[in-house]
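The values are calculated or read from the model by the stated rules, or taken from the named source; none is laboratory data. Nothing here was measured: the structure is a model prediction, and the numbers come from that model. Because the Cβ atoms are built from the backbone with ideal geometry, glycine has one as well, and the counts that use them run over all protein chains shown.
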Protein chains: 4
Amino acid sequence: MSKQFFYERYVAFSDTDAMGVVHHANYLRFCEEARVAWMRATNLTKIHYPVSENVLAVLHHQVWHLKPARFEDLVRVELQVRSQRLKIQFQYVMFIGTERIAEAETLHIPLNKNLRPVRHAPELLNQMEKESWTETWLSNS
Amino acid sequence: MSKQFFYERYVAFSDTDAMGVVHHANYLRFCEEARVAWMRATNLTKIHYPVSENVLAVLHHQVWHLKPARFEDLVRVELQVRSQRLKIQFQYVMFIGTERIAEAETLHIPLNKNLRPVRHAPELLNQMEKESWTETWLSNS
Amino acid sequence: MSKQFFYERYVAFSDTDAMGVVHHANYLRFCEEARVAWMRATNLTKIHYPVSENVLAVLHHQVWHLKPARFEDLVRVELQVRSQRLKIQFQYVMFIGTERIAEAETLHIPLNKNLRPVRHAPELLNQMEKESWTETWLSNS
Amino acid sequence: MSKQFFYERYVAFSDTDAMGVVHHANYLRFCEEARVAWMRATNLTKIHYPVSENVLAVLHHQVWHLKPARFEDLVRVELQVRSQRLKIQFQYVMFIGTERIAEAETLHIPLNKNLRPVRHAPELLNQMEKESWTETWLSNS
């Protein structure tokens, strides 16, 4: 059994909207925070802006909403990651307690500060070899 | 030739991030603003919160990023919409001038204030019959 | 009677929070949008990023909340502006219809792309001479 | 010497703008998160939405910006709080390392779900008696 990387944070009041739940666009901020936490945990922040001049730009993203999240809910974001040729793909499952509230997917390419595509940093490719990927991890994919 | 509904607005400084471009999550706000502008133009705001107690909640959303957008760019969002049984699907193409910068898709269901599914308002179903849909409108779908 | 500059826009759903009203931090986005609209109207966007490399950075801001604003309210932001030595001060009064819902104030200095202070552009100083200022315009000041 | 309450979090990429620094409006989200963390630490979340129907609505807020903050900076928010008759006043000092980057102040009143003023919860008043306040804590006040 693999240890899934996860990131946790409370839903902020500013994350909510007039439906009383987290606004759908803010799930992408949860994903971004989880992605950066993963880079921190795997010692990869050094290959990314601001330490490096390169960024992992977002080409595509999608989110499936299963259950609402409310102010002060503790959201746990689990993620998995793999490389696909020049692209990096992340998948996310979000939980409140044991309940699956959302799933998401983001696709990235490395760009330099002029927004031109660059090669992957060797450290990122090395890390990719250590990561496991489960095809059927998302219930919606 | 059909008249595509569109919504236009300038990129705000607060929409940008440290890459100097619009943060990816903010494209969903552009889509939402376009959707609401469409409801205003088709006289459908009356079936939605706050006039009604119901909302068109977001079940799924995805965005494809083609070109970056910067502060003060004038973004034009075109949209098409159709009903799929109990769901409403919107597709969006975003332009700066004549350049296609992003495409997006959102899927909705009507919920009441307790977040329970409800039937579509008759006015929405009537409007759906007037809307045209082009299967191949998005280049990525 | 002076012609006060104003900027109008609808409250977006993403502007609201779980109280059902516009989240307090978003009033600063309304002010920023009004400020940029004023720069556009006075032909000053050319002295600001991205046309120029300089920005009008925010040193201080404050907002007084008088009445709530809700989704789909049309908010009108009036502003006045003056220079104070090296600083530029804006004041804002926000209305829904004829009702005053908020007042705000922001203080700015011009910075270059390395975030170093620079002199004001002559075009900005010229414009400042045309602007009128009413000391008692804000009810809270 | 009193133990100042503090809250820490990394600057997210979505917090930044095209100047490469945290957008000024986002400091209010840092303050809100610190305020909620303080309520959690003092066992006061029970007097606030969503456990209670009441909220501590924001009447006024201001922020003084001293130094910029960038993506991945660890921001430490210290706060102090006191009651002023029917209002609650918070002050915040924000640090990166030992460097003071911003100061802020927010003023609140308790409102019920219909946005009508209500009395302070006894638990909040009890907590206020335990809090210390330093008049000269903010360098700008």
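Filter the stretch D:39-57 down to residues that are surrounded by 20 or more Cβ atoms within 10 Å (Cβ to Cβ) and facing chain C (nearest Cβ under 10 Å) and give me whichever is nearest to the chain's Cα centre (by Cα). That would be D:VAL55.
Search the stretch C:106-117 for residues being in a strand (DSSP E or B) and of a type outside the set (A, V, I, L, M), and hand back the single one that is farthest from C:GLU32 (Cα to Cα). The extreme case among them is C:PRO117. In the stretch A:84-98, the residue that is farthest from the other protein chains (Cβ to nearest Cβ) out of those that are surrounded by fewer than 17 Cβ atoms within 10 Å (Cβ to Cβ) and not in a loop (DSSP other than H, G, I, E, B) is A:GLN84.
The residue of the stretch D:19-47 that is farthest from C:ARG116 (Cα to Cα), among those that are among the aliphatic types (A, V, I, L, M) and assigned to a helix (DSSP H, G or I), is D:ILE47. Does B:VAL77 count as under 28 Å from D:HIS23 (Cβ atoms), facing another protein chain (nearest Cβ under 9 Å), in a strand (DSSP E or B) and among the β-branched types (Val, Ile, Thr)? So B:VAL77 fails the test. Every test in (1) of a type in the set (D, E, K, R); (2) touching a residue at least 12 places away in the same chain (Cβ under 8 Å); (3) touching an Asp or Glu at 6+ places or on another chain (Cβ under 7 Å) is passed by D:ASP17 save one, and that test is (2). Among the numbered criteria (1) modelled with pLDDT under 95; (2) part of a strand (DSSP E or B), which single criterion is violated by A:GLU103? Here A:GLU103 clears every test but (1). Evaluation of A:ASN114 against the conditions (1) in contact with a Pro (Cβ under 7 Å, 6 or more places away or on another chain); (2) farther than 19 Å from A:HIS24 by Cα shows that the sole unmet condition is (1). Within the stretch B:1-18, the residues that satisfy the criterion of being within 14 Å of chain D (Cβ to nearest Cβ) and not in a helix (DSSP H, G or I) are B:TYR10, B:VAL11, B:ALA12, B:THR16, B:ASP17, B:ALA18. Filtering the stretch C:58-72 to residues that are over 17 Å from the mean Cα position of the chain (by Cα) and within 14 Å of chain D (Cβ to nearest Cβ) leaves C:LEU66, C:LYS67, C:PRO68, C:ALA69, C:ARG70. Of all residues in the stretch D:20-49, those being out of contact with any Phe, Trp or Tyr (no Cβ under 9 Å at 6 or more places or on another chain) and touching a residue at least 60 places away in the same chain (Cβ under 8 Å) number 4. For C:GLU129, state whether it is in a helix (DSSP H, G or I) and either in contact (Cβ under 8 Å) with a residue 12 or more places away in the chain or crowded, with 18+ Cβ neighbours inside 10 Å (or both). No: the conditions fail for C:GLU129. Filter the stretch A:19-35 down to the residues that are at the interface with another protein chain (Cβ under 7 Å from one of its Cβ atoms) and either buried (at least 22 other Cβ atoms within 10 Å of the Cβ) or not basic (Lys, Arg) (or both) and list them by number. Those that are at the interface with another protein chain (Cβ under 7 Å from one of its Cβ atoms) and either buried (at least 22 other Cβ atoms within 10 Å of the Cβ) or not basic (Lys, Arg) (or both): A:MET19, A:GLY20, A:HIS23, A:HIS24, A:ALA25, A:LEU28, A:GLU32, A:GLU33. So, of the residues in the stretch C:106-126 that are surrounded by 18 or more Cβ atoms within 10 Å (Cβ to Cβ) and touching a helix residue (DSSP H, G or I) at 6+ places or on another chain (Cβ under 9 Å), which turns out to be farthest from D:VAL21 (Cα to Cα)? Selected residue: C:LEU124.
Contact map, the stretch C:85-99: residues that are closer than 26 Å to C:GLU123 by Cβ and in contact (Cβ under 8 Å) with a residue 24 or more places away in the chain paired with residues that are buried (at least 16 other Cβ atoms within 10 Å of the Cβ) and of a type in the set (Gly, Ala, Ser), Cβ distance under 7 Å, separation 6+ or inter-chain. Pairs shown: C:TYR92/C:ALA34; C:TYR92/C:ALA104.
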